[in-house]
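What follows is a short report on a single structure.
The values are calculated or read from the model by the stated rules, or taken from the named source; none is laboratory data. Note that the structure is predicted; figures quoted are calculated from it, not measured. Backbone-built Cβ (ideal geometry, glycine too); neighbour counts: all protein chains shown.
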Amino acid sequence: MKFNDINHFAYMCPSCFGLCGCSFNIFVLANKQPYRFLCADHRCSAKCAELRKINRDKYELKAECPYCGETHKKVLSFSELWNTECSYVTCPVFGMKVFFYGSSIKKINAALSDAVTDAENTAESIGDHPVTDNDPILSEILMILERRFQDHSVACICGSQDISFDHIDGSIVLTCRRCGRKKSFSVSKDNLLRLINASEVILGS
């Protein structure tokens with residue numbers, strides 16, 4: 001099997017938001033010891049992600065998210081990790097790419113640049129980071145939505161599960177990236193209760 005023996009990685013520190021990158025070969029993970037990605041700023045040195053080999057054909061990637069503050073996990077096959085030019089881990093809450101990997105530095109840098117632009121645009125549209133707002137109802141809604149995303153229970157009637165998320169003027173706005181269909185609801189106690197009792201969130205229903 002032909003594969004890339006060296007991969008490149010890029011990520012944003014969840015603590016200081018600095019951009020970081022590194023490269024290493026396939027043998028670094030041969031003994032199944034996890035590789036920990038740390039912030040490149042020695043004054044920070046926060047843990048940003050972890051990659052470990054589970055077995056001959058499986059790897060587990062854990063990325064600390066700078067957007068929602070959670071740890072996002074992704075299980076990769078040997079081929080998915082070592083045969084890709086550029087791929088990434090995405091925050092299920094905000095739809096933002098948080099960790100990049102692959103053999104093409106050019107493509108990874110381009111994807112990282114696009115992600116930084118998207119983050120800047122999102123920050124301008126939603127103002128303060130919603131997770132840091134002193135609004136317990138909003139915090140509860142965000143946590144429930146994250147669980148729905150992780151359970152693949154957020155989708156559009158067109159069949160897509162590629163859904164982006166925004167918090168605009170006191171409302172939650174979900175948008176299907178495939179067809180553009182939107183679903184919005186206000187941040188309120190009633191909508192929190194509806195979300196708690198709903199097993200799935202479907203755009204267009």
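For the stretch 45-53, the criterion of being among the polar types (S, T, N, Q) and either closer than 27 Å to Phe149 by Cβ or part of a helix (DSSP H, G or I) (or both) is met by none of the residues. Where residues in the stretch 141-160 are at pLDDT 90 or above and either in a loop (DSSP other than H, G, I, E, B) or on the phi > 0 side of the Ramachandran plot (or both), which of them is surrounded by the most Cβ atoms within 10 Å (Cβ to Cβ)? This residue is Ser160.
Scanning the stretch 23-40 turns up one or more residues that are of a type in the set (Ser, Thr, Tyr) and either more than 19 Å from Val98 (Cα to Cα) or not in a loop (DSSP other than H, G, I, E, B) (or both). Checking each residue in the stretch 54-81 for being outside any strand (DSSP E or B), charged (D, E, K, R) and out of contact with any Phe, Trp or Tyr (no Cβ under 7 Å at 6 or more places or on another chain) picks out Arg56, Glu70, Glu80. Here Arg194 meets each of (1) in a helix (DSSP H, G or I); (2) under 20 Å from the mean Cα position of the chain (by Cα) with one exception, condition (2).
Evaluate the following for Val98: is it touching a residue at least 60 places away in the same chain (Cβ under 8 Å), assigned to a helix (DSSP H, G or I) and at negative phi? In short, no.
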